[in-house]
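Heads up, the thing below is written out as structure tokens.
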Amino acid sequence: MKSRTKKPERHQNGQAEKTRPSEVEYSYALVEKPAQGKNEKPAETNGRPQLRAIKGKKHRGKIRALITFAVILILMAALVYLNSLSPGGLVEFTENLYAGMNNGNGFPVRLPDEKIEQVYISGNDLVVLTDAALLEYNSSAYQMFYRQHGMSAPVVDTESSRILVYDRGGKALKIENRFKTVFEIELDNALLLGRLSESGGFAVATRSQRYSAEIKVFGGDGFKNLYTRYLVAGEITGLDISRDGRNIVYSVVEARGGEFVSTVYICDIKKKDPIAAQVYENAFVVAVDYKEADAVAVLGDSFFSYMDKMGGSRVDYNYDGRVLELADRTKKGFSALFLAGQTDGASGDLLIISADGTVTADFTAPRELRDIALTDDGIYGLYGRHLALFDHGGEQKGLWEVGQEVSGVTEIGGSAALLKNSEISVMVPGES
């Protein structure tokens, strides 16, 4: 066999000529001369020790390339994940993260010059709607923004990273995040309802000059009008948009023969006609709501209904003469209803319904219950001077005296945000 080493050529002065390195670098090692077989031709070494080329550096280069490739894949996966955390991608996620990095002085917070209308949750933050402005606080009570909305009848809907605020009866609508106003528009007709999608798009129902109402879906780059539907009869009472922004559900109530008839429609925004329609005779639908896996919950004045995203597997729950007074929901799909009995003036019934339409709890609660806030594993009830906490099975887990002046409760990360006049405080279970 020929040796893979190349014998250096010598010049007349006896010095070896430097050779240009090849594309693959070789290292060399002394090896013992192997025993020769019968048919093996001895290597020509001219009496010198035999050298064998070892491609060690080449193997190390392959390992480095594999490690580099793996790191690139991990970084790409991380970027894809971070990009999915906000509808505006990595840029909006970074802006929101930066806006919430500061620490506040903790709750309570006071707004003496503002009339607080409502408190909402956006991710782990508190969104406060006043008669003049929209504010957002992080978990340490740092105020991330204060923006005047300029609306006479503002209504808010929130998702984890964006906030929709619109003027009911007016035409103004805005999309906000922690960092800036993302989008604003003046619609052609008066707004009736608006809902925000986790994907960043939104759906609105408005009055119409030629029809009873119009439904529009906006989304994508620049919030283009992706879908329009015209209602020829009835009054729209409920509207929601799926997490991916591809489907909407809405309810219409009509008067027929002296009775209310409600119809719930489910639509794919890429199709002309609804993919499902469910009719509720002698019933008034108050609201519709998308749950996990885009299942639909229907809230009526005398019933609660559940169906899958295609309008099938419908399950109805009748209130049996009790009156709906309070309702709440969570992002994971649980719903809570407070039903007051028509004959018993001292108590009512608190129902907790899971994301698949199963009633997990139905227990007695004080009739004076004035607000409820559902958590992922429990429910707060505000009555009299007290705040009670129940689990989803109806067992009481806590009772605190908070005062008669507290008018509302909102769940934030399992804790209770309490609204008292122009003050917001947060009560953490287990802390005094």
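Residues that are under 22 Å from the mean Cα position of the chain (by Cα), in a strand (DSSP E or B) and not aromatic (Phe, Trp, Tyr) within segment 129-153 comprise Leu129, Leu134, Leu135, Glu136, Gln143, Met144, listed in sequence order.
For the condition buried (at least 20 other Cβ atoms within 10 Å of the Cβ) and either over 21 Å from the mean Cα position of the chain (by Cα) or without any contact (Cβ under 8 Å) to a residue 24 or more places away in the chain (or both), what is the one hit in Phe338, Phe303, Phe334, Phe363? Reasoning before the result, please.
Working: Phe303 fails: buried (at least 20 other Cβ atoms within 10 Å of the Cβ); Phe334 fails: either over 21 Å from the mean Cα position of the chain (by Cα) or without any contact (Cβ under 8 Å) to a residue 24 or more places away in the chain (or both); Phe363 fails: buried (at least 20 other Cβ atoms within 10 Å of the Cβ).
It is Phe338.
Is it true that Met151 is modelled with pLDDT of 90 or more and hydrophobic (A, V, I, L, M, F, W, C)? In short, yes. Among the candidates Leu351, Leu389, the residue that is crowded, with 18+ Cβ neighbours inside 10 Å and farther than 30 Å from Ala277 by Cα is uniquely Leu389. Taking the criterion of being over 25 Å from Arg322 (Cα atoms) and either among the polar types (S, T, N, Q) or touching a Cys at 6+ places or on another chain (Cβ under 6 Å) (or both), the only residue of segment 359-407 that qualifies is Gln404.
Selection of segment 349-377 for residues being at pLDDT below 90, part of a strand (DSSP E or B) and small (Gly, Ala, Ser) yields Ala361, Ala365.
Within segment 241-266, track down each residue that is under 19 Å from Ser212 (Cβ atoms), among the hydrophobic types (A, V, I, L, M, F, W, C) and touching a Phe, Trp or Tyr at 6+ places or on another chain (Cβ under 8 Å). Listed by number, the residues that qualify are Ile248, Val249, Val252, Val253, Phe260, Val261, Val264. With respect to Asp344, determine if the residue is in contact with a helix residue (DSSP H, G or I) (Cβ under 9 Å, 6 or more places away or on another chain), surrounded by fewer than 17 Cβ atoms within 10 Å (Cβ to Cβ) and modelled with pLDDT under 90. No, not satisfied. Within segment 182-209, being of a type outside the set (A, V, I, L, M, F, W, C) and either in contact with a strand residue (DSSP E or B) (Cβ under 6 Å, 6 or more places away or on another chain) or at pLDDT 95 or above (or both) holds for Glu184, Glu186, Asp188, Asn189, Gly194, Arg195, Ser197, Gly201, Thr206, Arg207, Ser208. List, please: which pairs have Cβ atoms under 6 Å, are six or more places apart or on different chains, and start with a residue in segment 385-403 that is more than 16 Å from Glu368 (Cα to Cα) and end with one that is of a type in the set (Phe, Trp, Tyr) and surrounded by fewer than 18 Cβ atoms within 10 Å (Cβ to Cβ)? Pairs found: Gly394/Phe363.
Taking every residue in segment 273-296 that is at positive phi and among the charged types (D, E, K, R) and pairing it with any residue that is assigned to a loop (DSSP other than H, G, I, E, B) and surrounded by fewer than 20 Cβ atoms within 10 Å (Cβ to Cβ), at least 6 positions away or on another chain, the pairs with Cβ-Cβ distances below 6 Å are Asp294/Lys309.
Please work out which residue is modelled with the lowest pLDDT, limiting yourself to segment 392-432 and to residues that are under 23 Å from the mean Cα position of the chain (by Cα) and of a type in the set (A, V, I, L, M). Break it down stepwise before answering.
Just the residues of segment 392-432 that are under 23 Å from the mean Cα position of the chain (by Cα), to begin with: 392, 409-417, 426.
Narrowing the set further to residues that are of a type in the set (A, V, I, L, M) leaves 409, 412, 416-417, 426.
On the way: Val409: 95, Ile412: 89, Ala416: 95, Ala417: 95, Val426: 93.
It comes out as Ile412.
Scan segment 137-168 residue by residue and report those that are farther than 26 Å from Val217 by Cα and in contact (Cβ under 8 Å) with a residue 24 or more places away in the chain.
Residues of segment 137-168 that are farther than 26 Å from Val217 by Cα, as a first pass: 137-146.
Scanning segment 137-168 gives Tyr137, Asn138, Ser139, Ser140, Ala141, Tyr142, Gln143, Met144, Phe145.
Could you check how many residues of segment 156-174 are part of a strand (DSSP E or B) and surrounded by 18 or more Cβ atoms within 10 Å (Cβ to Cβ)? Break it down into steps so the answer makes sense when it comes.
So the first thing to find is which residues in segment 156-174 are part of a strand (DSSP E or B), and the list is 156-158, 163-168, 172-174.
Still in the list and also surrounded by 18 or more Cβ atoms within 10 Å (Cβ to Cβ): 156-158, 163-167, 173-174.
Residues meeting the conditions: 10.
Give segment 295-318 a look and list any residue that's in a strand (DSSP E or B) and of a type in the set (S, T, N, Q), or say none. Once the filter is applied, which keeps residues that are in a strand (DSSP E or B) and of a type in the set (S, T, N, Q), segment 295-318 yields Ser305, Asn318. Among the criteria (1) under 30 Å from Ala293 (Cα atoms); (2) hydrophobic (A, V, I, L, M, F, W, C); (3) without any contact (Cβ under 8 Å) to a residue 24 or more places away in the chain, the one Ala346 does not fulfil is (1).
The values are calculated or read from the model by the stated rules, or taken from the named source; none is laboratory data. Every value quoted in this text rests on a predicted model; they were computed, and no experiment measured them. Note that we place each Cβ from the backbone using ideal geometry, even for glycine, and neighbour counts take in every protein chain shown.
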